[in-house]
Each structure stands twice: as structure tokens, then as C-alpha cells.
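Data first, discussion second: the structure below is written as C-alpha cells.
Nothing in this text is a laboratory measurement; each read-out follows from the coordinates by a stated rule. All figures in this text were calculated on a predicted structure; none of them were measured in a lab. When we count neighbours, we look across all protein chains shown, and the Cβ atoms used for this are built from the backbone with ideal geometry, even at glycine.
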Amino acid sequence: MMDGFNTTPRSSPYIRIDSYLYNGKITYYASSSCCDRFNPLFDGECKQICAPSGGFIGRGDGKCADFHESATQLENIWVVPRR
């Protein structure tokens with residue numbers, strides 16, 4: 001998952017990726033670089049589960065509305081390199 005982000009950091013729509021424990025599974029939350037983009041949550045197979053936040057009203061796609069209350073942040077995985 002990270003190879004694509006590290007080779008072309010300027011074209012990535014994300015500024016950081018963090019791992020979370022959500023519903024008993026390790027997931028990966030990608031924070032977008034701009035206000036109106038969804039911030040997707042991926043499973044261990046890199047399949048998008050939902051978007052807990054972001055979008056025009058900032059509340060995501062509504063498919064995992066409990067994410068911010070029930071998920072536990074584990075660690076930061078990646079941050080866009082600063083040049």
C-alpha cells in the first residue's frame with residue numbers, strides 16, 4: 001500500500017495514514033489533503049470499508065458513523081515527506 005505513496009508523494013491526495021483498531025480489526029485511515037475529499041478507511045487487504053469523515057459536510061459517507069467514538073488509534077504509518 002505504501003509504495004505508491006512514497007514514490008509519488010506530491011500526487012497523493014493523502015497527507016497521512018494511521019492504523020486503528022476498529023471492530024476488532026486493524027484498519028488504515030487515510031487523511032486527505034483538502035477539505036471536501038472523503039477520508040477513507042481501508043481494511044488489511046487495502047479494500048475501502050467506508051469514509052468516516054470528510055466530504056462536503058465533513059461527516060464522511062455515513063457507513064461507519066461510530067468510527068471516531070469506537071476506534072482506537074494504534075500508530076502513524078506514513079506522513080507526506082516535506083521537502
Fill in: Peptides ranked, highest mean first, by Cβ atoms within 10 Å: ranges 54-62, 28-36
28-36, 54-62
Worksheet item: So how strong a dipole does the chain carry about its Cα centre when Lys and Arg Cβ are +1 and Asp and Glu Cβ are -1, to the nearest 20 debye?
Response: 340
Worksheet entry | Label assignment, Kirkwood radius over Cα pairs in Å derived from the structure, set (1) 12.1; (2) 13.0; (3) 14.5 | (2)
Worksheet item: So what's the net charge close to G24: Lys and Arg +1, Asp and Glu -1, counting the other residues with Cβ under 14 Å from its Cβ?
Response: -1
Discussion item. Can you tell me the length gained on complete extension of the stretch Q73 to D36, counting 0.36 nm per residue apart and subtracting the Cα distance?
Written reply: 11.0 nm
Worksheet item: Each residue of region 28-37 in order: what ³J(HN,Hα) in whole Hz does its phi give by Karplus 6.51 cos²θ - 1.76 cosθ + 1.60, θ = phi - 60°, with x for Gly and Pro?
Response: 10, 9, 9, 8, 6, 7, 9, 4, 8, 8
Discussion item. Could you give the length gained by full extension between V80 and D66, i.e. 0.36 nm per residue of separation minus their alpha carbon distance, to one decimal place?
Written reply: 2.3 nm
